[in-house]
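Reviewing the structure listed below.
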Amino acid sequence: MPSPSEWWRSAVIYQIYPRSFADSDGDGMGDLPGITSRLSDLRDLGVDAVWLSPFYLSPQHDAGYDVADYRTVDPRFGDLGDADKMIAEARSLGLRVIVDLVPNHTSNEHEWFRAALAAAPGSPERERYVFRDGRGEDGSEPPNTWLSVFGGPAWERLPDGQWYLHLFDVSQPDLNWGNPEVRDEFVAILRFWLDRGVDGFRVDVAHGLIKDAELADWEWGGDVILGGLTPEGAPPPPMWDQEGVHEIYQQWREVLNAYEGDRILVAEAWVQPAERLARYVRPDEMHQAFNFEYLVTPWGADPLRQVIDRTSGANATVGAPTTWVLSNHDVMRHASRLGFSDGKDHRNGIGVDDPQPDAPLGLRRARAASLQMLGLPGSAYLYQGEELGLPEHTTMPDDFREDPTFERSGHTEVGRDGCRVPIPWEADSPSFGFGPADASWLPQPAAWAEYALDRQRGIPGSTYELYRSALRLRRERSLGHGTLSWLDTPAEVLAFRNGDLLVLTNFGDAPAELPLGVRVLLSSEPLTEDGRVPRDVTVWAA
Ligand code: GLC
Ligand code: MG
């Protein structure tokens with residue numbers, strides 16, 4: 001039975017990227033015991049829940065989003081006992097746990113795919129995936145023109161002549177969701193983790209499971225970061241946002257509803273416009289869907305006001321909250337993304353030879369953006385390290401890159417490694433306290449010492465203390481459950497009320513006035529001497 005609390009409507013959920021959060025054994029790879037040992041730090045920060053990116057058995061060709069066994073923990077991260085301990089520790093700290101579910105594709109090392117390769121064309125084993133004969137006289141051309149999100153063709157040919165579909169890496173064959181066996185298996189996987197006590201699932205590529213029955217040609221690639229957002233001028237994509245996905249989530253919702261507690265589904269669906277995305281969070285489907293439209297909106301009063309209105313308006317028509325997000329493991333960290341004033345989106349990542357972001361500007365705006373986001377009604381996701389003001393690693397030598405995008409795009413896309421670097425906890429320890437050894441699977445920039453948690457905890461004005469204060473006030477004032485009303489302001493100022501709280505951001509050069517008589521509770525940077533709000537600053541006042 002759904003509980004009346006509906007915690008997820010207002011929750012702040014912290015994304016843990018297991019490879020890069022905390023390493024317990026010094027192998028340079030984060031792990032579950034590391035996470036368990038650091039959960040109390042997240043309780044202190046003041047979040048309600050954690051979401052963990054995949055920690056299941058995987059050859060790690062896409063950092064664990066290529067799952068070989070959905071019921072086994074990868075030995076790099078620990079074992080099932082470690083997962084149980086992590087869940088139990090979270091519960092005892094009052095934190096909920098959301099795990100990642102990857103239903104669009106398996107790893108090519110999954111037993112089903114191995115069986116499919118060993119079986120003949122037309123066999124039931126191949127029916128679990130999307131196998132087709134090729135085109136052309138000898139079938140040597142792919143079955144259609146689809147491109148992989150990571151670059152290159154979306155089809156791979158086998159020695160027996162058949163092709164299989166992979167919307168992502170060649171090691172990630174797409175499952176056939178028209179096959180009831182696939183549906184049954186994922187219901188069983190949901191139950192496996194629900195029985196272990198998880199509070200929900202973040203559903204990877206939720207808009208991709210069903211493909212157009214004809215597999216009609218479509219040659220526009222989605223790039224990694226905006227995977228699934230239709231490029232301008234392209235017809236509707238036959239692989240994204242098909243009507244058939246919704247009955248899958250309706251079935252899953254019934255599975256979750258049969259469990260006690262308030263278990264949730266959150267969609268990773270790069271779908272536009274907002275009305276289409278809202279269909280994923282209708283009352284009998286998922287609970288949340290990441291608001292990526294907000295994430296990609298350029299820094300400015302007008303575009304932000306529009307996107308906030310448009311997306312919350314669309315969700316309101318189905319009774320769903322909005323799920324705000326500024327960073328995750330697929331996009332450039334917002335402390336760097338906002339550090340460009342060139343009007344470009346830099347969505348392909350930043351390499352050492354590319355123009356570099358203005359770090360102080362990026363941090364200043366990131367703090368203002370986060371304070372604005374945390375003042376909005378609804379739920380919000382934080383990505384590990386953003387509470388430290390951590391920037392992207394934008395000067396990583398190419399030799400270290402692991403994101404399959406880099407190779408598959410012929411090095412034209414830098415990829416996502418820059419936001420996945422192990423985070424700094426202690427300025428003066430090996431690997432900045434990420435683990436006991438001086439080992440880290442991606443290199444940490446030397447400058448990251450200054451971002452370490454132990455340099456910021458208890459320091460007034462630090463980014464960490466800014467987040468902590470915001471989360472405390474957000475809870476005290478039930479901001480997540482509030483309602484938003486806009487204030488009349490000059491064009492370069494954005495201001496709204498959420499209950500008694502005033503949230504004001506100044507995007508313009510001229511310092512902005514606060515209404516008379518309000519008391520400033522929190523500010524992303526110091527105000528001017530006469531109490532006005534400088535450029536790129538957000539203030540909470542009441
Ligand atoms: C999602 C994940 C991303 C992964 C892709 C393929 O977009 O967030 O990291 O590469 O799906 O599973
Ligand atoms: Mg380790």
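The values are calculated or read from the model by the stated rules, or taken from the named source; none is laboratory data. Model, not experiment: these values are computed from the prediction. Neighbour counts are summed over all protein chains in view; Cβ atoms, including those assigned to glycine, are modelled from backbone coordinates with ideal geometry. Surface accessibility is based on the protein's heavy atoms, side chains included, excluding ligands, DNA and RNA. Shrake-Rupley method; radii C 1.70, N 1.55, O 1.52, S 1.80 Å.
Take the conditions more than 14 Å from residue 384 (Cβ to Cβ), in contact (Cβ under 8 Å) with a residue 24 or more places away in the chain, among the aromatic types (Phe, Trp, Tyr) and more than 16 Å from ligand 2 (Cβ to nearest atom) and apply them to residue 14. Does it pass?
Here the answer is no, as residue 14 does not meet what is asked.
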Cβ pairs under 8 Å, 6+ apart or interchain, first in segment 459-486 and on the phi > 0 side of the Ramachandran plot, second surrounded by fewer than 17 Cβ atoms within 10 Å (Cβ to Cβ), ordered by first then second residue, are 461/526; 478/499
Looking across segment 293-309 at residues that are part of a helix (DSSP H, G or I) and either touching a Gly at 6+ places or on another chain (Cβ under 9 Å) or farther than 20 Å from residue 345 by Cβ (or both), the single one that is least open to solvent (accessible area, probe 1.4 Å) is 301
| request: For segment 72-95, state whether one or more residues are in contact (Cβ under 8 Å) with a residue 60 or more places away in the chain, small (Gly, Ala, Ser) and within 15 Å of ligand 1 (Cβ to nearest atom). | output: no
Condition set under 16 Å from the mean Cα position of the chain (by Cα) and in a loop (DSSP other than H, G, I, E, B), scope segment 257-285, selection farthest from residue 203 (Cα to Cα): answer is 271
(1) within 16 Å of ligand 1 (Cβ to nearest atom); (2) open to solvent by less than 40 Å² (accessible area, probe 1.4 Å); (3) not aromatic (Phe, Trp, Tyr) all hold for residue 147 apart from (2)
Within segment 1-33, the residues that are more than 23 Å from residue 291 (Cα to Cα), more than 16 Å from ligand 1 (Cβ to nearest atom) and surrounded by 24 or more Cβ atoms within 10 Å (Cβ to Cβ) are 22, 23, 31, 32
Among 41, 66, the single one that is away from ligand 2 (no atom under 16 Å from the Cβ) and within 26 Å of residue 249 (Cα to Cα) is 66
If you go through 125, 141, the only one that is in contact with a Lys or Arg (Cβ under 6 Å, 6 or more places away or on another chain) and free of Cβ contacts under 8 Å to residues at least 40 places away in the same chain is 141
Among the residues of segment 104-126, the number that are buried (at least 21 other Cβ atoms within 10 Å of the Cβ), under 13 Å from residue 176 (Cβ atoms) and among the hydroxyl-bearing types (Ser, Thr, Tyr) is 1
message = Going by what's in this entry, would residue 462 be described as surrounded by fewer than 22 Cβ atoms within 10 Å (Cβ to Cβ), of a type in the set (Ser, Thr, Tyr) and away from ligand 2 (no atom under 16 Å from the Cβ)?
response = yes
Q.
Take the conditions more than 19 Å from residue 220 (Cβ to Cβ) and either part of a loop (DSSP other than H, G, I, E, B) or of a type in the set (Lys, Arg) (or both) and apply them to residue 151. Does it pass?
A. no
Taking segment 82-103 and the residues there that are over 21 Å from residue 188 (Cβ atoms) and in contact with a strand residue (DSSP E or B) (Cβ under 9 Å, 6 or more places away or on another chain), the one that is surrounded by the fewest Cβ atoms within 10 Å (Cβ to Cβ) would be 91
If you go through 484, 494, the only one that is closer than 26 Å to residue 321 by Cα and open to solvent by less than 40 Å² (accessible area, probe 1.4 Å) is 494
Of the residues in segment 395-432, those that are crowded, with 24+ Cβ neighbours inside 10 Å, over 17 Å from the mean Cα position of the chain (by Cα) and part of a loop (DSSP other than H, G, I, E, B) come to 414, 424
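Hey, can you tell me all the residues within segment 229-244 that are under 17 Å from residue 289 (Cα atoms) and in contact with a Phe, Trp or Tyr (Cβ under 8 Å, 6 or more places away or on another chain)?
Hits for segment 229-244 are 229, 240.
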By residue number, the members of segment 153-169 that are under 26 Å from the mean Cα position of the chain (by Cα) and open to solvent by 30 Å² or more (accessible area, probe 1.4 Å) are 153
Of the residues in segment 433-459, those that are in a helix (DSSP H, G or I), more than 16 Å from ligand 2 (Cβ to nearest atom) and touching an Asp or Glu at 6+ places or on another chain (Cβ under 8 Å) number 4
Of the residues in segment 506-542, those that are open to solvent by 20 Å² or more (accessible area, probe 1.4 Å), assigned to a loop (DSSP other than H, G, I, E, B) and of a type in the set (Gly, Ala, Ser) number 4
- Message: Checking the structure you have, find out if any residue of segment 226-243 is modelled with pLDDT of 95 or more and farther than 26 Å from residue 122 by Cβ.
- Response: yes
